[in-house]
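The values are calculated or read from the model by the stated rules, or taken from the named source; none is laboratory data. All values derive from a computational prediction rather than experimental measurement. So basically every Cβ, Gly included, is an ideal-geometry build from the backbone, and we count neighbours across all protein chains shown.
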Amino acid sequence: MGARPTKPTSRPVRPPPALRVIGVVIDAQGAFPQEVRLSGDGRVLERGSRGTLGPERTGERTVRGIVLPASVNGHSHLGDSLWGKEPPRLPFQEVVAPPLGLKHRLLAESSEEEKREAVHAALVSMRALGTLVSIDFREEGLEGVRLLRQAARGTGVEPWVLGRPTDPLDRSEIRAVLSEADGLGLSALRDLPLGAPELARQEARRAGKWLALHASESVWEPIDPVLDLHPNLLVHLCQATSEDLDAVREAKVPVAVCPRSNALYQRFPPIAELERRHVPMLLGTDNGMFQAPDLFREMEFAYLSSRARGETVEPRTLVEAAFVNPWTALGRPMEARLETGGPARALVLRLPTEDPYYQVAARGAHRHLLVPRGSASPSE
Ligand SMILES: [Zn+2]
């Protein structure tokens with residue numbers, strides 16, 4: 001090969017190839033037939049009605065499909081991702097309840113290294129599925145918080161870390177957890193000693209951080225003591241009554257539902273009832289030990305099982321639970337609006353656009369997904 005003159009400069013920064021998508025945009029505003037031009041990292045460079053963005057440009061690729069904001073996993077426990085077997089057919093308390101459930105013994109018996117690798121792998125698969133943030137309940141005190149942050153490096157997923165003190169009555173431990181976490185993620189009130197919920201509330205408020213907890217998952221719990229804590233997020237509510245759900249609506253607390261996880265114990269979250277009340281829902285994949293952290297599977301299961309139960313939910317409700325509502329819950333609503341120059345990062349699903357919410361909720365899968373590369377966090 002002939003020698004070619006090379007410029008004595010550092011490696012040139014090439015602009016990432018852009019994507020032009022003709023189809024439908026789904027975001028916080030609704031679903032619209034549109035054309036969008038995206039940068040290589042999923043930012044919206046241009047958006048307009050069909051036919052307004054002109055022809056394909058050099059280096060650009062044109063596809064047809066549905067454009068969405070990146071998703072947020074509304075409830076995960078990635079720390080237990082290292083279990084590799086079928087969920088044991090045991091009662092709920094024996095599997096996941098603290099402190100002696102299988103899950104907690106597994107956490108205690110595994111090395112830091114094993115846990116970090118399993119969490120890292122789970123986050124990598126989340127990113128490939130278009131998830132940018134996971135609202136994760138992280139057990140094991142401050143060490144647990146640090147493990148998750150370390151494991152997230154280089155994955156492109158930003159963990160929203162809700163830590164849990166090993167001693168829920170130890171104020172200094174709670175403060176240490178809150179100093180590095182985004183808030184506290186507690187088990188159910190009934191698992192906590194007297195005084196612990198109030199202490200958690202005080203300290204989370206003092207730190208200006210989140211307090212989130214599980215409620216009425218396996219057995220009914222009174223909702224008033226839960227709402228008195230002014231939580232930022234509740235999880236499950238499978239056993240909640242209609243009156244409880246009215247109170248949740250009045251308190252304006254978002255609810256993360258985890259239908260696949262609940263199905264293991266013959267339960268189902270009250271998705272249709274929450275939908276009827278316009279309670280903002282998030283969708284979570286819950287324990288990493290049992291469910292893949294895949295919100296497409298979660299949406300499909302939620303849709304089909306709600307129909308099977310005769311309590312059909314709108315596909316739009318499920319799509320917004322994965323791609324729109326959590327951004328508002330996180331205080332970052334602009335990331336659910338695909339506006340030119342905005343902070344949102346887009347995904348593209350190569351699916352038919354005639355009934356886009358149904359396509360995304362019931363037929364969306366990894367193989368349809370184009371996830372623009374690019375970093376979710378400066379650590380990548
Ligand atoms: Zn949970």
Complete set of residues in segment 226-261 that are over 17 Å from residue 313 (Cα atoms) and either outside the structural domain of residue 96 (by TED's automatic domain parsing) or within 13 Å of the ligand (Cβ to nearest atom) (or both): 233, 234, 235, 261
For residue 220: the one exception among (1) within 16 Å of the ligand (Cβ to nearest atom); (2) aromatic (Phe, Trp, Tyr); (3) out of contact with any Leu (no Cβ under 7 Å at 6 or more places or on another chain): (1)
Qualifying residue in segment 268-282 (condition: within 21 Å of residue 77 (Cβ to Cβ), of a type outside the set (Lys, Arg) and under 14 Å from the mean Cα position of the chain (by Cα)): yes
Any hit, segment 71-92, residues being without any contact (Cβ under 8 Å) to a residue 60 or more places away in the chain, within 15 Å of the ligand (Cβ to nearest atom) and on the phi < 0 side of the Ramachandran plot: no
Residues satisfying the stated conditions in segment 114-162, i.e. more than 16 Å from the ligand (Cβ to nearest atom), buried (at least 24 other Cβ atoms within 10 Å of the Cβ) and among the hydroxyl-bearing types (Ser, Thr, Tyr): 131
Members of segment 95-113 found to be within 16 Å of the ligand (Cβ to nearest atom) and not hydrophobic (A, V, I, L, M, F, W, C), listed by number: 98, 99, 101, 103, 104
Output for segment 265-284, where each listed residue is crowded, with 24+ Cβ neighbours inside 10 Å, part of a loop (DSSP other than H, G, I, E, B) and within 16 Å of the ligand (Cβ to nearest atom): 269, 284
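To keep it simple, each residue is scored yes or no on (1) modelled with pLDDT of 95 or more; (2) in a helix (DSSP H, G or I); (3) surrounded by fewer than 16 Cβ atoms within 10 Å (Cβ to Cβ); (4) not polar (S, T, N, Q).
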residue: 41; (1), (2), (3), (4): no, no, yes, yes
residue: 51; (1), (2), (3), (4): no, no, yes, yes
residue: 54; (1), (2), (3), (4): no, no, yes, yes
residue: 68; (1), (2), (3), (4): yes, no, no, yes
residue: 75; (1), (2), (3), (4): yes, no, no, yes
residue: 79; (1), (2), (3), (4): no, yes, no, yes
residue: 85; (1), (2), (3), (4): no, no, yes, yes
residue: 88; (1), (2), (3), (4): no, no, yes, yes
residue: 100; (1), (2), (3), (4): no, no, yes, yes
